[in-house]
Amino acid sequence: MTEVVSWQRRPFPSGLAANAVHLWWVELSSRTWRVETLRSLLAPDESARAVRYAVATVQEKFVIGRGVLRLILGRYLRASPRHLRFAAGPGGRPELAAPGRPRGFRFSFAHSGSAAVCAVTLHRDVGIDLERMRSDLDFMAIAAGYLGPAEVVHLHRTAPSLRSATFYRYWTRKEARLKARGMGLATAAEHDCHAPDTALGLFDQPVPEPGYVATLAVEGVDHRISRWLATPTLLELSARTS
Ligand SMILES: CC(C)(COP(=O)(O)OP(=O)(O)OC[C@H]1O[C@@H](n2cnc3c(N)ncnc32)[C@H](O)[C@@H]1OP(=O)(O)O)[C@@H](O)C(=O)NCCC(=O)NCCS
């Protein structure tokens, strides 16, 4: 696997090779994005979901995340971000709805705190998870209920000062794997979620902002992972985006 480690600000990738994994970091801040322009890109069900978030900042982050996801996917597909349609794939994994979905085009999206990350691939299952590390969580209790037995034992043996980071690493690895396979809560009971999935590679990701942990799960071998920072300039966001 070859990697370009930094997060690029430009140019927009000229294409998506069969072995490429493109990651996009999105700052969910109204200081960066024109929220109302992004809101205008949402489908009716997304707008309805947005207004159900009673806390204004939470609603804003949802609108920015979903709007920027549409901008990114629209650029790859040379399609209007407003006209993209999402559908639930296996296990509830979001996919682009046919017609217009190019064969093999996959994406995964995660958000936490004030950031989101999106992964894009061709013909390879992909899952990304992002977590902002919190100091107020009883993560040992969560680990006992959610992580595998070996991971829990390892956490107990880890120096207390390193436990939080280790917990978030295990957590994001697991969520990334589940998301790549579309194993959401709805299907969790049907699967052994601690069973190894040797067809998926797990790659801990560097993050451009401290305090976050991100892991990528991707099918196959010989990946080339590249990373971009999503900005209005790079995504050519203007008030006229159609
Ligand atoms: C659905 C789930 C993956 C979301 O994870 P989360 O940490 O709450 O939130 P994230 O920000 O990482 O991911 C959210 C995004 O994942 C995507 N997503 C939703 N369902 C998904 C699924 N079944 N598969 C893959 N991606 C999914 C969506 O793009 C969503 O974005 P949205 O909130 O804007 O709609 C998570 O709640 C879940 O179900 N995890 C599995 C838990 C489980 O099954 N545990 C038992 C052990 S097997």
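A short reminder: the numbers here are calculations on the coordinates, not readings from a lab. A quick note: this is a predicted structure, and the numbers were derived from the prediction, not measured. Positions of Cβ are backbone-derived with ideal geometry, glycine not excepted, and every protein chain shown enters the neighbour counts.
Classify region 22-155 from the C-alpha gyration tensor, please: rounded if a/c falls under 1.5, else prolate or oblate depending on whether a/b exceeds b/c. Write down the numbers at each step before the final one.
Values: a/c = 2.16, a/b = 1.36, b/c = 1.58.
Oblate, because a/c is 1.5 or more while a/b does not exceed b/c.
Which part of region 33-48 falls in the paramagnetic zone of Ala97, meaning amide N under 17 Å from the point 7 Å along Cα-to-beta-carbon?
Residues passing the 17 Å test: 41-48.
Using the Cα centre as the reference, give the magnitude of the dipole from point charges on the C-beta atoms of region 1-138 (Lys, Arg: +1; Asp, Glu: -1; all else neutral), rounded to the nearest 20 debye.
600
Any idea what the dipole of the chain comes to, in debye rounded to 20, about its Cα centre with Lys/Arg Cβ at +1 and Asp/Glu Cβ at -1? Show your work: numbers first, answer last.
Numbers: 32 positive and 22 negative charges, 168 e Å.
Magnitude of the dipole: close to 800 debye.
With loop defined by DSSP as not H, G, I, E or B, and exposure as at most 15 other Cβ atoms within 10 Å, which is the longest segment of the chain clear of exposed trypsin sites (Lys or Arg not before Pro)?
On the way: sites that count: Arg9, Arg31, Arg78, Arg85, Arg103, Arg134, Arg240.
Segment 135-239 is the longest.
So how long is each side of region 37-98 along the principal axes, counting just the alpha-carbon atoms, biggest first, in Å?
33, 28, 15
If you take every residue apart from Gln59 with its C-beta less than 10 Å away from the C-beta of Gln59, what net charge results, scoring Lys and Arg +1 and Asp and Glu -1? Provide the component values of the computation, followed by the final result.
Numbers: positive: Arg39, Arg49, Arg52, Lys61; negative: Glu60.
Neighbour charge sum, excluding Gln59 itself: +3.
Hey, what's the per residue convex hull volume over the C-alpha atoms of the chain, in cubic angstrom? Display every interim value, and only then the final one.
Working: hull volume 33.7 nm³, N = 242.
Output value, Cα hull per residue: 139 Å³.
Quick one: if you stick a label point 7 Å off each Cα along the C-beta vector at Ser14 and Val55, how many nm between them?
According to this spin-label approximation, the distance is 4.4 nm.
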